[in-house]
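What follows is one structure encoded as structure tokens, with my remarks underneath.
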Amino acid sequence: MVSIRSKLFSFLTFLLVFLAAVLPAKAEEQVVTISLPAEILRQTISDALPIPIETKNHVMEGSIVVDSLDKLLVRDKSIFVQGVISGRDLAMTADIGGQNIKMKLGSVKLPVTCELFLRFDKQKKILFVKPVFPKPKKGQGDDAAEVLQPLLASLGGREYPVEFDDIEPFLFELGTRTIPVRLTPTDIQTLQGILVVKMIPQVDNPH
């Protein structure tokens, strides 16, 4: 999540940098709206791949990453994605006859379909992302890949917070002056075909 966020805000910073350079000291009163088409968002995320997935799951061990993002659709209230995740050195702990037995699974790849629901807390400046994974149809995928399905099911259906307080300010050079510009999101919404990000460029007085 951190990698995606860094890439996205680098892109937004590039779009706002000239505007921020000429804003007055009270720039915090001006809200800038950026509309990102689905394809631009997909390419921005793809440039950050591979992205590790923090499982924090006592059932599954190993390294799991998002390898590719093949499709991204921005809907009215969600973002639909299709891609491929892979796992390396996977091991799963199963309860067999009342005993916990660890089974080594090795490396697997799995096509994934997911719908992401976004909720932005304007007061706390936190974006909440809730992934929802559809149930796989019987007979689809091989046995090795299907071991990841229980893990995906455990990750889906709950919100994950993305905080923006730790974003470093962008240093813009204007002549001999260096102007720190901090981009603070005020709202993030999904509309049909676009992701809308409203931000306040906060500019410190240059010295």
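None of the figures in this text is laboratory data; all of them are computed from the coordinates on show. A quick note: this is a predicted structure, and the numbers were derived from the prediction, not measured. Virtual Cβ from ideal backbone geometry, glycine too; neighbours counted across all protein chains shown.
Cross-linked pairs LYS71/LYS104; LYS71/LYS135; LYS109/LYS130; LYS71/LYS102: Cα-Cα separations exceed 26 Å for LYS71/LYS104; LYS71/LYS102.
Taking 7 Å steps out from each Cα toward its Cβ at LYS102 and THR33 produces label points 5.4 nm apart. Fully extending the segment from LYS125 to GLU163, taken as 0.36 nm per residue of separation minus the present Cα-Cα distance, adds 13.0 nm. Note on ALA94/LYS71: beta-carbon distance plugged into 1/(1 + (r/R0)^6) with R0 of 30 Å gives a FRET efficiency of 0.35. Annotation: the residues VAL65, VAL81, sorted from fewest to most other C-beta atoms within 10 Å of their own C-beta, follow the order VAL65, VAL81.
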